[in-house]
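Undergrad: I am attaching a structure below and will ask some questions about it afterwards.
The values are calculated or read from the model by the stated rules, or taken from the named source; none is laboratory data. Not measured: the values here are computed from a predicted model. Please note: Cβ atoms are built from the backbone with ideal geometry, for glycine as well, and neighbour counts cover all protein chains shown. The accessibility values were calculated without ligands, DNA or RNA, using every heavy atom of the protein model including side chains. Shrake-Rupley method; radii C 1.70, N 1.55, O 1.52, S 1.80 Å.
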Amino acid sequence: IISLHSFIYLFNEDETINSVITNCTFSKNILGIIQVDMQGTLSFVDCTFENYNTDHLLVLEYISSSGTEDGTIYNNCIFQRHRYESAIFISNSCNTNHSFINCIIQDNIISSGNSGSSLYALNNDFNDKSEFTISIEGCIFQNNIGVGEGGWISISSNNLGFLKDSQFINNSVI
């Protein structure tokens, strides 16, 4: 992985080591990149990502955690009050999976562009097998306002691992 300007950089080549970031708040950051290159599994537990002054709260293509099939795990995290582009963004340059479990994605608003305000996962070539999947279980998407494709969530069909037991409350498209 090439080092970028990031406010957190984690590197670990030992696949037996799993790291957990617990009970942290990431708020009003100007740099929106957490950069991870880890052979084990990285889990964010009970963390809040909110109100950044940059394009996205989380850019998943810079987070590579390959210890399990689930990839990087976001458990009981909150992603909220983002006003620029998609709160959670991933493009086709990503090569590991990401799993969101019991997360709340709320109060994210974008007023221009063509992507979901909460989550946007893009794979430009629908004919090729994707290098990553997004799995969502037990999450709540509420009070998100988006534009264009998906409005508040947009995932290419070959990037969706599964979507189950989640709630979608008071979301809209302008």
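Undergrad: Kindly evaluate Thr72 against the criterion of being in contact (Cβ under 8 Å) with a residue 24 or more places away in the chain, β-branched (Val, Ile, Thr) and open to solvent by 10 Å² or more (accessible area, probe 1.4 Å).
TA: Working: in contact (Cβ under 8 Å) with a residue 24 or more places away in the chain: yes; β-branched (Val, Ile, Thr): yes; open to solvent by 10 Å² or more (accessible area, probe 1.4 Å): no.
Answer is no for this residue.
Undergrad: If you don't mind, another one. Would you check which residues across the stretch 89-118 are at pLDDT 75 or above, open to solvent by less than 10 Å² (accessible area, probe 1.4 Å) and under 12 Å from Val59 (Cβ atoms) and list them?
TA: His98, the sole residue that qualifies.
Undergrad: Considering each residue of the stretch 30-46, count those that are open to solvent by less than 10 Å² (accessible area, probe 1.4 Å) and in a strand (DSSP E or B), and give that number.
TA: Going through the stretch 30-46 one residue at a time, the tally reaches 6.
Undergrad: Now, a different point. Would you pick out the residues in the stretch 1-29 that are loosely packed, with under 14 Cβ neighbours inside 10 Å, more than 18 Å from the chain's Cα centre (by Cα) and at pLDDT 85 or above?
TA: Selection gives Phe11, Glu13, Asp14, Glu15, Thr16, Ile17.
Undergrad: Among strands (runs of 3 or more DSSP E) lying entirely in the stretch 125-174, which contain 1 or more residues that are modelled with pLDDT of 90 or more? Talk me through it step by step, then tell me what you get.
TA: Working: elements: 134-137, 140-142, 153-155, 160-164, 167-169.
Once the strands (runs of 3 or more DSSP E) in the stretch 125-174 are filtered for at least 1 residues that are modelled with pLDDT of 90 or more, what remains is 134-137, 140-142, 160-164, 167-169.
Undergrad: Looking at the stretch 47-62, which of its residues are farther than 15 Å from Thr96 by Cα and open to solvent by 40 Å² or more (accessible area, probe 1.4 Å)?
TA: Of everything in the stretch 47-62, those that are farther than 15 Å from Thr96 by Cα and open to solvent by 40 Å² or more (accessible area, probe 1.4 Å) turn out to be Asn51, Asn53, Asp55.
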